[in-house]
Amino acid sequence: MRIRNILKLLCTFPTNKMLNMFLISSVILPLPAEVLSYLQDDGTLVLPEDSQPETTYTRNCDNDDVEEESVDSWGSDANEPSLKGPKFEEFNEKVREAIKKLGGSVFPKLNWSSPKDASWIALNNSLRCYFPGDIFLILKSSIFVTHDLTCPFKDCDDDCNTEEPVLYYLILRKWIEINPSNEFRCFVQNKKLIGISQRDVSQNYSCISAQQNNIQSDIVSFWHENIENRFPLSDYVFDVYRPAKDKVILVDFNPFGPTTDQLLFTWEELKEKKEEEDDIYSCPRIIEEEEISGCNLISHSLNELQMNDSNRITMQTIQDEDNGPEFRYIDSTTGVQPGPYMQYGLPVDIVDLSTGQDPYKLVDFLQMKTQAENGGNESSSDEDEQQTPGSG
């Protein structure tokens with residue numbers, strides 16, 4: 001994965017009108033410098049002014065008069081200074097117009113990452129946004145978005161300290177209800193579609209097994225007809241939604257590399273596909289539990305939490321006899337994995353302690369525990385000494 005490829009990917013949505021024809025209806029807004037600075041700021045989370053409608057409630061008084069009170073006034077102290085957010089009047093108005101144009105609710109994302117890790121902060125645990133404030137709240141709470149804004153080239157093979165300018169865009173998609181059983185992630189290497197994976201690895205969907213050949217055929221046909229000769233990169237990942245037979249909708253593009261969740265593949269497997277083109281599996285083939293015992297065949301963003309058990313994974317792999325893409329999906333309830341975004345709703349310190357990613361935090365925790373135990377013992381000893389009568 002190289003920086004120039006990431007930059008090309010960044011520019012795909014704003015410039016490639018042919019590909020946009022197959023995407024969910026979207027509005028693309030360049031991020032002004034002041035909005036970008038606000039999103040990059042790691043300070044207190046205060047939403048921009050006028051980005052949310054003022055929330056009020058109505059109550060009946062003793063004289064039957066109706067009185068309205070702003071929720072913002074609850075528990076507020078007149079003597080306390082209130083934090084005020086920045087003003088993005090022009091940009092907020094553009095966002096409102098885009099939301100209205102797209103039917104009243106949208107799914108927000110930046111050039112390549114969507115804030116799926118931030119759904120925990122929304123009241124309805126959904127990324128469905130109705131107002132500019134909803135969008136700012138989710139974007140500011142997303143680790144994925146923060147990565148794109150602060151270190152987009154971190155996982156690139158070449159120099160990540162490049163000063164190449166990055167043009168960021170806010171992409172608002174028309175909100176549609178998507179059945180997760182119909183979502184698939186596809187991997188392309190050297191302009192060859194090499195793998196297709198079930199998108200939601202937290203569930204076993206029997207409908208995928210029943211339609212496996214049709215699903216693979218529809219996705220391959222869609223890629224050949226609409227993406228293969230139109231996308232500017234040789235290596236990339238794309239997501240599709242297949243709501244019915246012979247109907248495929250393009251959802252998104254992602255970099256071909258560790259930044260993107262590999263789902264039912266590993267990146268080692270995907271990068272070795274080119275070298276293994278002559279090793280063609282029969283169709284169909286079930287990967288037995290014995291074959292993956294002791295190895296990490298299925299890997300995803302929750303590996304660091306050590307929540308998946310490689311000895312319990314049951315998955316089916318389908319590959320065409322003409323050496324087409326390998327199609328992987330979970331065909332047993334014992335193969336499901338935890339939701340890939342569960343960890344992002346936990347405090348960072350807890351995640352670091354549970355995974356051992358920050359050994360210093362673990363050392364500090366053990367020292368605090370030891371001190372607490374020693375302090376308790378010393379207090380007990382002092383009480384015993386005070387209760388023992390002195391001699392003489």
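The values are calculated or read from the model by the stated rules, or taken from the named source; none is laboratory data. Every value quoted in this text rests on a predicted model; they were computed, and no experiment measured them. Here Cβ is always computed from backbone atoms with ideal geometry, including for glycine, and neighbour counts include all displayed protein chains. Surface accessibility is based on the protein's heavy atoms, side chains included, excluding ligands, DNA and RNA. Shrake-Rupley method; radii C 1.70, N 1.55, O 1.52, S 1.80 Å.
Could you check segment 122-145 and list, in sequence order, the residues that are open to solvent by 40 Å² or more (accessible area, probe 1.4 Å) and in contact (Cβ under 8 Å) with a residue 40 or more places away in the chain? Break it down stepwise before answering.
Pass one, segment 122-145, residues open to solvent by 40 Å² or more (accessible area, probe 1.4 Å): 123-125, 128, 130-131, 137, 143-144.
Those that are open to solvent by 40 Å² or more (accessible area, probe 1.4 Å) and in contact (Cβ under 8 Å) with a residue 40 or more places away in the chain: R128, F131, L137, I143.
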When segment 228-247 is examined, which residues are found to be within 18 Å of E326 (Cβ to Cβ), open to solvent by less than 50 Å² (accessible area, probe 1.4 Å) and touching a residue at least 60 places away in the same chain (Cβ under 8 Å)? Y236, R242
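Suppose we keep only residues that are aliphatic (A, V, I, L, M) and either in contact with a helix residue (DSSP H, G or I) (Cβ under 8 Å, 6 or more places away or on another chain) or more than 29 Å from C156 (Cβ to Cβ) (or both) within segment 200-219. Which one would you say is most open to solvent (accessible area, probe 1.4 Å)?
Quick first cut of segment 200-219, residues aliphatic (A, V, I, L, M) only: 201, 208, 210, 215, 219.
From what's left, either in contact with a helix residue (DSSP H, G or I) (Cβ under 8 Å, 6 or more places away or on another chain) or more than 29 Å from C156 (Cβ to Cβ) (or both): 208, 210, 215.
Numbers: I208: 2, A210: 88, I215: 7 Å².
Only one residue tops the list, namely A210.
Of the residues F238, F222, F265, which single one is hydrophobic (A, V, I, L, M, F, W, C), at pLDDT 90 or above and in a loop (DSSP other than H, G, I, E, B)? Spell out how you get there, then give the answer.
On the way: F238 fails: in a loop (DSSP other than H, G, I, E, B); F222 fails: in a loop (DSSP other than H, G, I, E, B).
Criteria check complete, one pass: F265.
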Go through (1) under 20 Å from N111 (Cα atoms); (2) open to solvent by 20 Å² or more (accessible area, probe 1.4 Å) one by one and return the number of the condition L170 breaks. (2)
Which condition breaks for D246 when tested against (1) farther than 15 Å from N190 by Cα; (2) within 24 Å of the chain's Cα centre (by Cα)? (2)
When only residues in segment 1-42 that are under 21 Å from the mean Cα position of the chain (by Cα), among the hydroxyl-bearing types (S, T, Y) and at pLDDT 70 or above count, which is surrounded by the fewest Cβ atoms within 10 Å (Cβ to Cβ)? S25
So, in segment 205-219, exactly how many residues are hydrophobic (A, V, I, L, M, F, W, C) and not in a helix (DSSP H, G or I)? 0
